[in-house]
Structure formats: C-alpha cells, structure tokens
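> Please read through the structure below; I'll follow up with questions.
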Amino acid sequence: MTVSPIPRMVWILGFVSLLMDVSSEMVNTLLPLFLASGLGASALVIGFIEGLAVAVATVTKALSGVLADWSGRAKPLAVLGYGLGALSRLIFPLAMSLDQVVLAKAMDRVGKGIRSAPRDAMVATATPAAIRGAAFGLRKSLDSLGGFLGPLLAIAAMLVFAGDIRMVFWLAALPAAFAIFLLIFRVKEPVAAQAGKGSGFRFRDALRLTAPVRGVIALAGLIMLARFSEAFLLLKALEAGFSPVWVPLIIVALHAVYALAAWPVGIFSDRLAASGKDPVQVPLMIGLGLLAGAHLVLGSAQSAPVFLAGVALWGLHMGFSQGLLGAMIAATAPPALRGSAFGAFNLASGAVMLIGNTAAGWAWVSWGSAAPFLIGAGISVLAMGLVALRPRNAPQNP
C-alpha cells in the first residue's frame, strides 16, 4: 500500500505552531521572575494571573470552534488567534505595572483559545484519513520542538543581554511575527472547510455532538485528570536536588522526548489502521502505562537520575497520547462540526486540568509531595482499563 505524503499545509501549520511556541516559552520561562523581581508581585498574584490565563483560553477555545463551523472558514480565526498572541509580545517588554502584564497575558491566552480549534480543524480537513495520525503527530512534534527551543533561547538571550528580561521579551516578538507571515501568505483555506457556510449549520448543532465524539472527549478528560500541570514536576525537581537555576531545563528535556515520540507514534497508529487493527487502543494503553510509571517514579524520586527517568516517561506518555486524541476527534466528528468538536475537546480538557491541578495541589499540601503522583498513577490504570474495554471506532470520516 502506498502511503500519501503529509500535506504541505500540515507542515506549514506545524512550523507556525513551532514558532509561536518558541515565542511563548521565551516569555513564560521568565515571566514569573519578571513579575516577582521586576514588578514586585507575590506568589498569590502570580498564581492568579496563571489561573486567569487558563480560564480565558478554555472558554475561547470552545467558542472559536463553533464560529469556524458556522462561517465555514477556519483560517481567519486562526490568523486572529495567532495575531493576538503576536501583539501581546509587544506589551510584555513595555509593561510597567501588573495590570499591563495581565492585559498581555489575557490577550495571549485569548489568542491561543481562538486559534486552537480552527487550526486543528484545518489539519483534519487537509489530511486524508489514512495518514491522520501521522499528521496530528507531526504537528504535535513540531509544537513540542518549540517548547524545547524556547527556554533554551531564553537562557541564551539572558546571557547575551546580561540578564535584561525586557530585551528577551523583545526578541520573543520575532518568531511570533514570522509565524503570522507564514500563516497569512503560505496557508490557504482548505476547500472542504468552506462547505459549512450556508449549509444549514445551526448553533444548537454544536451542542449535539455524536456519541463517539463525546466518548473521545470523556476519555481525554480522564487522561487529563491523571496528568496534572507540569508545574508539579518543577516543584518535585527541587525536592530531587535540582538547583533553581537549572529547573527550567526540566521542561526542555520533557519537550525533547515529547517531540521525538509524537510523530513516530502517529505513523504507528496509521499502520495499525491500514492493517485492519484498532489504530488507537494499543498506543493509548502504552501511553497510559508510561504515565502510570512516570507517576510512580516521580512520586518516589529523591535524586536527579531517578527524577529525570520519570520526566522521560512523562514525555513519552505525551507523545503516545496527545496527537492520537486529536486524530480521534477528527475521525469521529462529522466534517461540518469538526471545529465545534475540537472546541468542545479543548474546553473539556481545560476544565478538567483546572480541577485536577486544584486537587493535586490539595493532595500535595495535605499528604505530601508523593500523594498527587500516586493518585495520578491510580487514575492512569483506571483509564487503561477503559481503553482496553473501548469498542473500536466507527469508520473514519473522509
């Protein structure tokens, strides 16, 4: 069987994600330090800003997917979302007060929320069903590569600019600007995506997603509940003996493993489908097993080597799950409702992450640092059982 090459549009959208993630991580890596040392913000204020950002992005992700289906045009929403993110980069280096940082952070998260569902809908529309796993895996790999490069560039820029955080923020605007250029001038609206306008789409249709789509969203929610924020990894790194100076490199290592795994896992999934097997059951069970292992290793980590082994397992889990979940939404959602399906998927994931992070923090404070990891391992095993019992997907949508 001849395997179709991944469409050029998917590659370009992947590089757009890579560049914007480089820009985001250059800012986010240094923003807590900037808030605390430059603007005198307390830990409570920093936590509020991060929580507000998650909440804003979660709501806008759902709305943008519905708008993409209603209009039949995903690219303008993607441009708007990436454009807001790029514009926020010009506010960070100029910020002289907390409210200006809150404005920039909110603008960035609104942009992320707006662009996520339309971008994924474009990837789904532009990609043949036979290589959808590889396409979503590639986009996730490139996005994670941005998360790998961003902190490294931030550290290098801090050395070059003698610790001037504002200069690093200015530098972060460059990859964001190039991402907008690629999106506007090198990405065309997929022809099939334009079919929604005037095709009888009603806003209430977005609330009537099919049972398979709801099943994928429910499964994704359980996985997100088991995998809480990476902030807990950074806190655990301090317990394992890492100096605060080197803690940001934990995220670099995590994204490196994630980036290396996501695309090959997508290809593996497509090959399973081509041979008549369930394309997601085995990879997802492997991924959840890796997550359970990561939790157990991290929960008991008291040294740097053991902790790094847990981080590597966590990154592998990301590679075995994130791209596949996107491909599952694309396979089960009706073409006219793909934007709404991705929006609902992102909304549910964000809401569960908020709940899971709060619960993990409470468990950490109440029972010790090992508690959230042990609970996460248990939820991972439960999710493995559900995946094992899950009926095979219906035939994929074209």
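> Can you report the number of residues in region 74-118 which are in a loop (DSSP other than H, G, I, E, B) and crowded, with 24+ Cβ neighbours inside 10 Å?
2
> Select from region 91-104 the residues that are of a type in the set (A, V, I, L, M) and under 14 Å from VAL168 (Cβ atoms) and write down the one among them that is modelled with the highest pLDDT.
Of everything passing the filter in region 91-104, LEU94 is modelled with the highest pLDDT.
> For region 124-132, state whether one or more residues are within 25 Å of GLU189 (Cα to Cα), assigned to a helix (DSSP H, G or I), at pLDDT 90 or above and over 15 Å from the mean Cα position of the chain (by Cα).
Step one: of region 124-132, the residues within 25 Å of GLU189 (Cα to Cα) are 124-132.
So of that shortlist, the ones also assigned to a helix (DSSP H, G or I) come out as 124-126, 129-132.
Add one more test, that the residue is at pLDDT 90 or above, and what stays is 131.
Still in the list and also over 15 Å from the mean Cα position of the chain (by Cα): 131.
Scanning region 124-132, I find at least one residue that is within 25 Å of GLU189 (Cα to Cα), assigned to a helix (DSSP H, G or I), at pLDDT 90 or above and over 15 Å from the mean Cα position of the chain (by Cα), so the answer is yes.
> Would you mind stating whether ALA377 is among the hydrophobic types (A, V, I, L, M, F, W, C) and buried (at least 17 other Cβ atoms within 10 Å of the Cβ)?
On the way: among the hydrophobic types (A, V, I, L, M, F, W, C): yes; buried (at least 17 other Cβ atoms within 10 Å of the Cβ): yes.
Against the criterion (among the hydrophobic types (A, V, I, L, M, F, W, C) and buried (at least 17 other Cβ atoms within 10 Å of the Cβ)), ALA377 qualifies.
> Checking ARG139 against (1) of a type in the set (Lys, Arg); (2) assigned to a helix (DSSP H, G or I); (3) within 24 Å of ILE184 (Cβ to Cβ); (4) modelled with pLDDT under 90, only one condition comes out false. Which one?
Condition not satisfied by ARG139: (4).
> If you go through region 127-145 one residue at a time, how many are crowded, with 22+ Cβ neighbours inside 10 Å, over 14 Å from LEU18 (Cβ atoms) and aliphatic (A, V, I, L, M)?
So the answer is 3.
> Check ALA41, ALA62, ALA53 and return the single one that is modelled with pLDDT under 70 and either in contact with a Phe, Trp or Tyr (Cβ under 7 Å, 6 or more places away or on another chain) or crowded, with 21+ Cβ neighbours inside 10 Å (or both).
The match here is ALA62.
> If you don't mind, there's one more thing I want to ask. Under 8 Å between Cβ atoms, which residue pairs at least 6 apart in sequence (or on different chains) link something in region 260-286 that is assigned to a helix (DSSP H, G or I) with a partner that is charged (D, E, K, R)?
ALA262/LYS140; TRP263/LYS140; GLY266/LYS140; ASP270/ARG132; LEU272/ASP278; GLN281/ARG390; GLN281/ARG392
> Tell me whether region 365-383 contains one or more residues that are assigned to a loop (DSSP other than H, G, I, E, B), without any contact (Cβ under 8 Å) to a residue 24 or more places away in the chain, on the phi > 0 side of the Ramachandran plot and more than 20 Å from the chain's Cα centre (by Cα). Write out each step before concluding.
So in region 365-383, the residues assigned to a loop (DSSP other than H, G, I, E, B) come out as 368-369.
Going one step further and asking which of them are without any contact (Cβ under 8 Å) to a residue 24 or more places away in the chain, we end up with 368.
In the following step, the residues that additionally are on the phi > 0 side of the Ramachandran plot were identified as 368.
Filter once more, so that each one left must be more than 20 Å from the chain's Cα centre (by Cα): 368.
Checking region 365-383: at least one residue is assigned to a loop (DSSP other than H, G, I, E, B), without any contact (Cβ under 8 Å) to a residue 24 or more places away in the chain, on the phi > 0 side of the Ramachandran plot and more than 20 Å from the chain's Cα centre (by Cα).
> When you scan region 146-184, how many residues do you find that are touching a Leu at 6+ places or on another chain (Cβ under 6 Å) and over 19 Å from LEU18 (Cβ atoms)?
1
> So is VAL245 at pLDDT below 90, under 19 Å from ARG227 (Cβ atoms) and either of a type in the set (Asp, Glu) or surrounded by fewer than 24 Cβ atoms within 10 Å (Cβ to Cβ) (or both) or not?
no
> Residue under question is ALA344, and the condition is that it be within 25 Å of ILE251 (Cβ to Cβ) and small (Gly, Ala, Ser); does it hold?
When the stated conditions are applied, ALA344 does not pass them.
> Among LEU159, LEU145, LEU152, LEU183, which is farther than 27 Å from ARG8 by Cα and in contact (Cβ under 8 Å) with a residue 24 or more places away in the chain?
Sole residue among the options that is farther than 27 Å from ARG8 by Cα and in contact (Cβ under 8 Å) with a residue 24 or more places away in the chain: LEU152.
> Continuing with the same structure: Restricting region 208-232 to residues that are assigned to a loop (DSSP other than H, G, I, E, B) and among the charged types (D, E, K, R), which is surrounded by the most Cβ atoms within 10 Å (Cβ to Cβ)?
The qualifying residue surrounded by the most Cβ atoms within 10 Å (Cβ to Cβ) is ARG227.
> Kindly evaluate HIS317 against the criterion of being part of a helix (DSSP H, G or I), in contact with a helix residue (DSSP H, G or I) (Cβ under 8 Å, 6 or more places away or on another chain), closer than 25 Å to SER369 by Cβ and modelled with pLDDT under 90.
Spelling it out, it is not the case that HIS317 is part of a helix (DSSP H, G or I), in contact with a helix residue (DSSP H, G or I) (Cβ under 8 Å, 6 or more places away or on another chain), closer than 25 Å to SER369 by Cβ and modelled with pLDDT under 90.
> Is region 331-344 home to any residue that is closer than 22 Å to GLY137 by Cβ, in a loop (DSSP other than H, G, I, E, B) and modelled with pLDDT under 90?
yes
The values are calculated or read from the model by the stated rules, or taken from the named source; none is laboratory data. What you are looking at is a predicted structure, and each value in this text was computed from that prediction instead of being measured. Using ideal geometry, Cβ is built from the backbone for each residue, glycine included, and neighbour counts are taken over all protein chains shown.
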